[in-house]
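For reference, the structure is listed below as C-alpha cells.
The values are calculated or read from the model by the stated rules, or taken from the named source; none is laboratory data. Computed from a prediction, not measured in an experiment: that's the story for all the values here. Positions of Cβ are backbone-derived with ideal geometry, glycine not excepted, and every protein chain shown enters the neighbour counts. Calculation scope for accessible area: heavy atoms of the full protein, side chains included, ligands and nucleic acids excluded. Shrake-Rupley method; radii C 1.70, N 1.55, O 1.52, S 1.80 Å.
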There are 2 protein chains.
Amino acid sequence: MYPANKYYVKGFVMSSYSERLNEYISMVNNELDRLLPEQRIPQQVVIDAMRYSLLSGGKRIRAVLVLEFCRMCGGDVAAALPIACAVEMLHCYSLIHDDLPCMDDDDLRRGRPSCHIAFGEANALLAGDGLLTLAFETILSSRNLAPEQIVKAAGVLSKAAGYQGMVGGQTVDLQNEGKPISGETLEYIHALKTGALIRAAVQMGCITAKADEGLCSGADEYAEKIGLSFQIIDDILDIVGFAQEMGKPVGSDRNNDKTTFATLYGVDKARQIVKTLNDEAKALLKRFPKANEFIYEFTDSLTSRTC
Amino acid sequence: MYPANKYYVKGFVMSSYSERLNEYISMVNNELDRLLPEQRIPQQVVIDAMRYSLLSGGKRIRAVLVLEFCRMCGGDVAAALPIACAVEMLHCYSLIHDDLPCMDDDDLRRGRPSCHIAFGEANALLAGDGLLTLAFETILSSRNLAPEQIVKAAGVLSKAAGYQGMVGGQTVDLQNEGKPISGETLEYIHALKTGALIRAAVQMGCITAKADEGLCSGADEYAEKIGLSFQIIDDILDIVGFAQEMGKPVGSDRNNDKTTFATLYGVDKARQIVKTLNDEAKALLKRFPKANEFIYEFTDSLTSRTC
C-alpha cells in the first residue's frame, strides 16, 4: 500500500531541508488525493467541495510533525502516513466550518474563495462534516499499525477535536468576539483552538513509533510551545503581514476589535515571546537522539514567518 | 464502570416488553448524561447545547438495536453501552446540522425549539461538530471491548456517517429539493441518510458480541429493511400524522413539494411496502437463536407508528 522504497525517508544526510520537506508534503498530498478520489456518484458535489479545500495547498505543518516525530522516535514513516492525512483532514474541516457566515464569515482562504463561497453554505457544512468523519475513517483503516496504536491515536485525535479541544476553543473565541479579553483567556482559546491539534499531531507521531513515556512528554511540551508561538505569529502577521502571504484579508482581526497577542502585548513584545518559545522548543528536541537538522530548521521556519 | 447486576438484561422472560425497552433507554440516557456532564468551563455553552439536543428524549431506536443485537449474538450488553451511546450522539449531531437554516431550516425538533433556535447558529453548528467527535471519542474510550473490536466498530460508524453514508445522503437530498425525483433516487437518499446509521447500529451490536459472518449478514439485511420501512413511515406520517406525534410541523415535506415515498406511491401502497418490509425483517430474525419476543415486538412497534 505504501511502497517503502518510494516513500521511506532515509535520513537527513540524504537530502537537503527543502528536499525532505517537499518529500513529506508530496507523500501527504498524493495520499490525500488517493484517499478521496473523484467519483461519479450522486453526491459528487460534496466530494468536490472536500477536495477543493483539502487539496488547495497548505503547508501541511501538522502532517510533517506526525511524520517527523514518528521518524525521530524510530518508527516507520510510511505507517504514520494515514495519521498524517487524518490530521490534515481534521484541520481542513475546522477551517471550512470556521469560515462559514454564522462563524467567522471569511470569504477568502489561502487566497481563494472559501468553501462556502465556491460551493454554497450547505455543501460547505457537509464537506466539513465529511472531512471530520473521513479523518477518523482514515486512521481506523490504517493497515500498518496495531489495533492498540490505532485506538490510542484516534482517541488522542478525538479529544483534541472535541468540546475539550478545537470545538471548545472556537466556542470561547466566538463568545468573546468584539470584547476586550485577558491574556489568560486568549491563551485558553488558542491552547484549545490551535494548540490541541498540533499537540495531537506530535503525540500521534510518537504513538505510531511506540515511543516511551519520556519521549512522548518531551514531544508534547515541544508541541505546546510551537502551537502557542504559531498562533502569536498569526496575530503579528495580521498587523504587519501581507495579504498575499496570509491568503486572507490583512487586519481582519483588528477591524473586528479582536484582542490578539499582538494587540495585547504589542508587536515587539509578541515577537520576543515567539523567540523564547522557539528556543525552549528546540531545547526539548535534544531528548531525541534521532533529531537532526531538519526538525530544528522546521521549527525555525515556523518562527521566521514574522520577518 | 457498568455494574453487571444492575444493567445486564437477563432475558425477556424476566420482564415485559415495555420494562425491557425502558431498561435499555434508561441505561442509555444515564450513560449519555454521565459521558457529557455539565461543567464549569469557559465553553459551557456548547456543552449546554449538546446536552439540550442529546438529552431531549428521543426513542433511542438505534441504541436499542445495538444493545439487543449484542445480546442476541451472545454478547455482554454492558460492554456495548458506549457504542449505543455513540450511535445516539451521531444521530443527534445529524439532526442538529440538518435543522440549520442553510440545510432544512427547521425551527422545531421533538416538539421543542431546534438547537440553533435555542442557542444560536454558531453554537448549534459547534454542538453538532462536538457530538460527532464525541461519538468517536466514546467508542475509542470503551474499556470492555478488545482494541480489534473498537477499531472495527468505529470504522463501521465512520463509513456510515461520512460522504458515502449520511453526509452523502443529505447532500443528494438537498440537491433534489423541490424537484420531482425517481423512486430509485429516493431509495438512494434514504439508504444513505437514514439507512446507513441503522445498519451501522446493528452491525456494531454484532461486533461487540464477536458474532459470526452468518449472523452479521442476517443482521445487516434486517437493518436494511427496517431502515427503509422506518423512512417510509416518516413520509406517511408527514401526510396523515399529527403534529404532536412528530414534534415538528406536519406536511412540511408536502409544502416544499418534496417527493417522498408517500407522494410517489400514495399512502396505501406505501403502507403495503412497510408491511412487506416488516415481515421480511422478522423472517430474518429466525437466524438468531437468542431472538425472543422483545425484538419481534420492537420491530412491530416501528411499523405501528402508521396507525
| Would the stretch B:182-189 turn up any residue that is within 11 Å of chain A (Cβ to nearest Cβ), outside any loop (DSSP other than H, G, I, E, B), under 24 Å from A:A86 (Cα atoms) and open to solvent by less than 20 Å² (accessible area, probe 1.4 Å)? | no
| Lone qualifier among A:K258, A:K275, A:K290, A:K269 - being farther than 20 Å from A:V64 by Cα and in a loop (DSSP other than H, G, I, E, B) | A:K258
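Please go through the stretch A:132-149 and pick out each residue that is part of a helix (DSSP H, G or I) and at the interface with chain B (Cβ under 7 Å from one of its Cβ atoms).
A:L132, A:T133, A:L134, A:F136, A:E137, A:L140, A:P147, A:E148
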| Only one residue in A:R143, A:R110 is basic (K, R) and on the phi > 0 side of the Ramachandran plot, so which one is that? | A:R110
| Cross-chain or 6+ apart pairs with Cβ under 6 Å, the stretch A:120-135 first and more than 18 Å from B:E177 (Cβ to Cβ) and among the hydroxyl-bearing types (S, T, Y), then open to solvent by less than 10 Å² (accessible area, probe 1.4 Å) and part of a helix (DSSP H, G or I) | A:T133/B:S158; A:T133/B:A161
| field | Flag for B:R143 being closer than 24 Å to B:P37 by Cβ, over 20 Å from the mean Cα position of the chain (by Cα), open to solvent by 10 Å² or more (accessible area, probe 1.4 Å) and modelled with pLDDT under 95 | value | yes
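The rows are residues; the columns are (1) over 21 Å from A:C102 (Cβ atoms); (2) open to solvent by 10 Å² or more (accessible area, probe 1.4 Å); (3) in contact with a Cys (Cβ under 6 Å, 6 or more places away or on another chain); (4) of a type in the set (S, T, N, Q).
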residue: A:Q149; (1), (2), (3), (4): yes, yes, no, yes
residue: A:K152; (1), (2), (3), (4): yes, yes, no, no
residue: A:G162; (1), (2), (3), (4): no, no, no, no
residue: A:G169; (1), (2), (3), (4): no, no, no, no
residue: A:P180; (1), (2), (3), (4): yes, yes, no, no
residue: A:L197; (1), (2), (3), (4): yes, no, no, no
residue: A:A201; (1), (2), (3), (4): yes, no, no, no
| query | In this structure, does A:I117 turn out to be more than 9 Å from chain B (Cβ to nearest Cβ), in contact with an Asp or Glu (Cβ under 6 Å, 6 or more places away or on another chain) and assigned to a helix (DSSP H, G or I)? | reply | yes
| What number of residues in the stretch B:34-80 are within 20 Å of the chain's Cα centre (by Cα), of a type in the set (A, V, I, L, M) and within 11 Å of chain A (Cβ to nearest Cβ)? | 3
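Which is in a helix (DSSP H, G or I), more than 9 Å from chain B (Cβ to nearest Cβ) and among the basic types (K, R), of A:K152, A:K179, A:K193? Quick ask: steps written out before the conclusion?
Values: A:K152 fails: more than 9 Å from chain B (Cβ to nearest Cβ); A:K179 fails: in a helix (DSSP H, G or I).
Going through A:K152, A:K179, A:K193 in turn, the sole match is A:K193.
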| said: Just to be sure before I move on: is B:A79 closer than 17 Å to B:S141 by Cβ and out of contact with any Asp or Glu (no Cβ under 8 Å at 6 or more places or on another chain) in the structure I sent? | reply: yes
| note | Per the filter on the stretch B:111-126, residues surrounded by 24 or more Cβ atoms within 10 Å (Cβ to Cβ) and touching a Phe, Trp or Tyr at 6+ places or on another chain (Cβ under 7 Å) are B:C115
| query | If you scan the stretch A:43-96, which residues turn out to be of a type in the set (D, E, K, R) and surrounded by 22 or more Cβ atoms within 10 Å (Cβ to Cβ)? | reply | A:R60, A:R62, A:E68, A:R71, A:E88
| query | Would the stretch A:165-173 turn up any residue that is farther than 22 Å from A:I198 by Cα, at the interface with another protein chain (Cβ under 8 Å from one of its Cβ atoms) and of a type outside the set (V, I, T)? | reply | no
| field | Members of the stretch B:98-114 that are in contact (Cβ under 8 Å) with a residue 40 or more places away in the chain and part of a helix (DSSP H, G or I) | value | B:D98
